[in-house]
Amino acid sequence: MRFIFKTDYGQDINLAKHGGHVFWYSALMLLLLAAPWLFAEYWLAQLTFVLIYAIVGLGLMLLAGFTGLFSLGHAAFLGVGAYTQAVLTNLGLPFPIALACAAGLSAAVGLVVGLPALRVKGIYLGMATLSFGFIVEEVLARWESVTGGNAGIHVKAPNILGWKLDTGTEFYFLCLLLAVAATLGILNLLRAPTGRAFVAIRDSEILAQSKGIHLAYYKTLSFALSAALAGVGGALYAHKLQFISPDQFNILQSIDLLLMIVIGGLGSVHGAFLGAIFLISMPQMIALSKDYLPDAIGQAPGLQGVVYGLVLIAFVLFEPLGLYGRWLKVRTWLQLFPFYRKGMFKRQKSFQKSDRLK
Amino acid sequence: MSTTPLLSARDLTVRFGGVLAVNQVSFDVREGEVFTLIGPNGAGKTTVFNLISRIYTPTSGSISFAGQPLSSLPPHKVASLGIARTFQNIELFEHASVLHNLLIGRHTHRQTGLWSDLFFTGKAREAELKAREKAEEVIDFLDLQHYRDSLVAGLPYGIRKVVELARALCTEPKLLLLDEPSSGLNVEETDDMAFWIQDIQQELGITVLMVEHDMGLVSKVSDRVLAMNQGEVLAMGSPREVQSHPGVVEAYLGTIDDVSNLRRPAGAPLARPEAA
């Protein structure tokens, strides 16, 4: 058990709260930096995907996990980013400018979608974003002169001012850099008034408002930031796959994204990464286990969907805090050994909710 | 104590469909006083609070704060004018620590924008340090040191009540609205609350407008009391005057006639329904 003796406010503000944080996150960073020399190319590609999905996950986490607005059409932002990047890169624009445009356009679209979010809540917001997802998918498929329609579009390798990143290793480092930057940005927001305002809106709008938080501003801001991160993720996704088509940004992708953050652990930055690892490794696990299952199950179509569904149901029932919540429990168990009590993470049922102003 | 009204309500009326929740209520809250609204359940006290914090809009009538009309303001602007409130059924961010709750109270004093927050610039850090300093002052004032880092969800009711008061104080308000500060508190905690309200008035110089049922607390801390019943003003004055006002007694206990009908003449047998 670690007891921190606090002597100044900076200790509460710093990202690394104690030596343990510094040590473990430095170790993780070193591992990630050394990854190209440690892992085979295939696994490095998987790790790249994890980083890309983590960037998108961070965006969705900001929106759903920290501001409490659920988007069922997040793949649309991914698509807008991916297509912007593809079109601009193919026009010969350098990577940084194309990326900025992809993020900017996604954010602008996010802003437009965020406006109805000021009026609708919960399930209705889900429906609004869902239909928005369909609209974008349809636009990508029909606007053939720009997007190439259902035939898809090829994407050239990223080009940073004459330096062409056409190997997997170079691209991995690019993704790592952006993922770290995105994480630091989100962490910074969360320790500043902006992030606190988001969390306040998630917990109680009426209360946030009575503390002087402008609901409309922060909700649209959250949508725009979330969409911008999805746009960045989409741009990297386009480069990684080198070929994109509208059906990669359909409802299934949106649900995958939502699944990712719910399983990772809503309301935690770690959750975005854990969820991304889950989302990328699950198909591999299923593929590996297929050989050991009876044919009737192993070869059945839609096995992946069933497994995803079961896992999601299991998490909602048994571990609503997701993988990160599970890790917290394991960590507490280790820290307190042998004094861990079973009810430690049980939430007290709150009383007197009935009179809450809506 | 000056006599200029800090908050003045004129002919406030609110109608929810056919229900007249507040009817022609006018009052002035003077700077530096503790002003209490009392009245039986459903008298419209909390509705008046919700009108001041702009959760509801009055059907007619007006409220002005320090000479500025409130009815045209969007709800989130009310806090930055210097009006802070607590809620009847504690509204705290339950999954956050006490300190975090207090820091949210500092929102109206934020000095940084999105970009400096995103990069956590030196300015953002400085602002954050200042916010924490202020929060610590309030923690000190209300003796919450012990609970600074605890999650609100795990705190007992009495402490939550104090945390909510602390968060309201963090906004450095000119006017503090307390909605039943003693509800759910035991005798000892109610006494503490009375001391704090007096301290808030005298040491911090904050004007307090509260709704309260506990008459002991009301008479201990209030300078003036307004009694309401069924949306209308019954009486206004010092706690003693209001408590002895016949209208107030009637609203709480019923009229003397109601009682005298029940009285049995001396010597008459007990009226038993089955004997009749």
I need the full set of residues from segment B:117-142 which are surrounded by fewer than 20 Cβ atoms within 10 Å (Cβ to Cβ) and among the small types (Gly, Ala, Ser), in order please. B:GLY122
Any idea which of (1) at negative phi; (2) within 13 Å of another protein chain (Cβ to nearest Cβ); (3) not in a helix (DSSP H, G or I) is the one B:GLU137 doesn't satisfy? (3)
Please tell me if B:LEU217 is touching a helix residue (DSSP H, G or I) at 6+ places or on another chain (Cβ under 9 Å), at pLDDT 90 or above and in a loop (DSSP other than H, G, I, E, B). no
Those residues that are within 17 Å of A:LEU252 (Cα to Cα) and of a type outside the set (Phe, Trp, Tyr), I need them from segment A:105-138; list them, please. A:GLY126, A:MET127, A:ALA128, A:THR129, A:LEU130, A:SER131, A:GLY133, A:ILE135, A:VAL136, A:GLU137, A:GLU138
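For segment B:138-197, enumerate the residues that are among the polar types (S, T, N, Q), over 25 Å from B:ILE55 (Cβ atoms) and under 17 Å from the mean Cα position of the chain (by Cα).
So the first thing to find is which residues in segment B:138-197 are among the polar types (S, T, N, Q), and the list is B:145, B:150, B:171, B:182-183, B:186, B:190.
Among the residues that remain, those that are also over 25 Å from B:ILE55 (Cβ atoms) are: B:145, B:150, B:186, B:190.
Selection gives B:THR190 alone.
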Considering every residue within segment B:71-89, establish whether at least one is more than 14 Å from every other protein chain (Cβ to nearest Cβ) and at pLDDT below 90. yes
Going residue by residue through segment A:191-210, is there one that turns out to be at pLDDT 90 or above, within 17 Å of A:GLN85 (Cα to Cα) and of a type in the set (D, E, K, R)? no
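Only one of A:LEU72, A:LEU47, A:LEU32 is closer than 27 Å to A:LYS219 by Cα, of a type in the set (A, V, I, L, M, F, W, C) and away from every other protein chain (no Cβ under 14 Å); which? Working first, answer last.
Details: A:LEU47 fails: closer than 27 Å to A:LYS219 by Cα; A:LEU32 fails: closer than 27 Å to A:LYS219 by Cα.
None of the other options fit; the residue is A:LEU72.
Yes/no matrix, rows are residues, columns are (1) among the aliphatic types (A, V, I, L, M); (2) in contact with a Ser or Thr (Cβ under 9 Å, 6 or more places away or on another chain):
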{"site": "A:ALA208", "(1), (2)": "yes, no"}
{"site": "A:LYS211", "(1), (2)": "no, yes"}
{"site": "A:GLY234", "(1), (2)": "no, yes"}
{"site": "A:LEU257", "(1), (2)": "yes, yes"}
{"site": "A:ALA272", "(1), (2)": "yes, yes"}
Taking into account only those residues within segment B:1-31 that are without any contact (Cβ under 8 Å) to a residue 40 or more places away in the chain and either of a type in the set (Ser, Thr, Tyr) or assigned to a strand (DSSP E or B) (or both), which is farthest from B:GLY42 (Cα to Cα)? B:SER2
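Suppose we filter segment B:113-129 for residues that are without any contact (Cβ under 8 Å) to a residue 12 or more places away in the chain and either more than 7 Å from chain A (Cβ to nearest Cβ) or hydrophobic (A, V, I, L, M, F, W, C) (or both); how many remain?
Let us first name the residues in segment B:113-129 that are without any contact (Cβ under 8 Å) to a residue 12 or more places away in the chain, namely B:113-122, B:125-126, B:128-129.
Keeping just the survivors that are either more than 7 Å from chain A (Cβ to nearest Cβ) or hydrophobic (A, V, I, L, M, F, W, C) (or both) gives B:113-116, B:118-122, B:126, B:129.
Number satisfying all stated conditions: 11.
Suppose we filter B:VAL187, B:VAL208 for residues that are in contact (Cβ under 8 Å) with a residue 12 or more places away in the chain and outside the structural domain of B:GLN145 (by TED's automatic domain parsing); which single one remains?
Values: B:VAL187 fails: in contact (Cβ under 8 Å) with a residue 12 or more places away in the chain.
Result: B:VAL208 is the single residue among B:VAL187, B:VAL208 that is in contact (Cβ under 8 Å) with a residue 12 or more places away in the chain and outside the structural domain of B:GLN145 (by TED's automatic domain parsing).
Out of segment A:122-152, which residues are under 21 Å from the mean Cα position of the chain (by Cα) and of a type outside the set (S, T, N, Q)? Write out each step before concluding.
Going through segment A:122-152, the residues under 21 Å from the mean Cα position of the chain (by Cα) turn out to be A:122-123, A:125-134, A:136-137.
Within segment A:122-152, A:GLY122, A:ILE123, A:LEU125, A:GLY126, A:MET127, A:ALA128, A:LEU130, A:PHE132, A:GLY133, A:PHE134, A:VAL136, A:GLU137 qualify.
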Looking for something hydroxyl-bearing (Ser, Thr, Tyr), touching a residue at least 12 places away in the same chain (Cβ under 8 Å) and surrounded by 20 or more Cβ atoms within 10 Å (Cβ to Cβ) - is there at least one such residue anywhere in segment B:147-164? yes
Given the structure, is B:GLY18 of a type outside the set (Asp, Glu), closer than 22 Å to B:GLY247 by Cα and either at pLDDT below 90 or more than 16 Å from the chain's Cα centre (by Cα) (or both)? no
Can you pull out the residues in segment A:133-166 that are within 25 Å of A:GLY110 (Cα to Cα) and of a type in the set (Gly, Ala, Ser)? A:GLY133, A:ALA141, A:SER145, A:GLY148, A:GLY149, A:GLY152
Taking interchain pairs and intrachain pairs at least six residues apart, which have beta carbon atoms under 6 angstrom, with the first residue in segment A:184-209 and crowded, with 21+ Cβ neighbours inside 10 Å and the second basic (Lys, Arg)? A:PRO193/B:ARG110
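Does A:VAL232 fit the bill of being under 16 Å from A:LEU51 (Cα atoms) and either touching a Gly at 6+ places or on another chain (Cβ under 6 Å) or in a helix (DSSP H, G or I) (or both)?
Values: under 16 Å from A:LEU51 (Cα atoms): yes; either touching a Gly at 6+ places or on another chain (Cβ under 6 Å) or in a helix (DSSP H, G or I) (or both): yes.
It is true that A:VAL232 is under 16 Å from A:LEU51 (Cα atoms) and either touching a Gly at 6+ places or on another chain (Cβ under 6 Å) or in a helix (DSSP H, G or I) (or both).
Could you go through segment A:345-358 and let me know if any residue there is modelled with pLDDT of 75 or more, closer than 26 Å to B:ARG160 by Cα and not polar (S, T, N, Q). Explain how you work it out, then say what you get.
Narrowing segment A:345-358 to residues modelled with pLDDT of 75 or more: none.
No, every residue in segment A:345-358 fails to be modelled with pLDDT of 75 or more, closer than 26 Å to B:ARG160 by Cα and not polar (S, T, N, Q).
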I'm trying to understand the selection: among the residues of segment B:32-46, which are in contact (Cβ under 8 Å) with a residue 60 or more places away in the chain, outside any strand (DSSP E or B) and out of contact with any Leu (no Cβ under 6 Å at 6 or more places or on another chain)? B:GLY32, B:GLU33, B:GLY39, B:PRO40, B:GLY42, B:ALA43, B:GLY44, B:THR46
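Consider segment A:288-327. How many of its residues are surrounded by 12 or more Cβ atoms within 10 Å (Cβ to Cβ), assigned to a helix (DSSP H, G or I) and out of contact with any Pro (no Cβ under 7 Å at 6 or more places or on another chain)? Give the derivation first.
Our first condition is that a residue be surrounded by 12 or more Cβ atoms within 10 Å (Cβ to Cβ); within segment A:288-327, this holds for A:289-290, A:293, A:298, A:300, A:303-304, A:306-309, A:311-312, A:315-316, A:319-327.
Now drop any that are not assigned to a helix (DSSP H, G or I), which leaves A:289-290, A:298, A:303-304, A:306-309, A:311-312, A:315-316, A:322-327.
Filter once more, so that each one left must be out of contact with any Pro (no Cβ under 7 Å at 6 or more places or on another chain): A:289-290, A:298, A:303, A:306-309, A:311-312, A:315-316, A:322-327.
The qualifying residues number 18.
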Looking at B:PRO74, is it within 26 Å of B:HIS109 (Cα to Cα), assigned by TED's automatic domain parsing to the domain that holds B:ILE200 and touching a residue at least 12 places away in the same chain (Cβ under 8 Å)? yes
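What are the residues in segment B:90-112 that are of a type in the set (A, V, I, L, M, F, W, C) and either more than 8 Å from chain A (Cβ to nearest Cβ) or out of contact with any His (no Cβ under 8 Å at 6 or more places or on another chain) (or both), if any? It would help to see each step written out before you state the result.
Pass one, segment B:90-112, residues of a type in the set (A, V, I, L, M, F, W, C): B:90, B:92-93, B:96, B:98-99, B:102-104.
Scanning segment B:90-112 gives B:ILE90, B:LEU92, B:ALA96, B:VAL98, B:LEU99, B:LEU102, B:LEU103, B:ILE104.
The values are calculated or read from the model by the stated rules, or taken from the named source; none is laboratory data. These numbers were taken from a predicted model, which means no experiment stands behind them. All Cβ positions, even for glycine, are placed from backbone atoms using ideal geometry, and neighbour counts span all protein chains on display.
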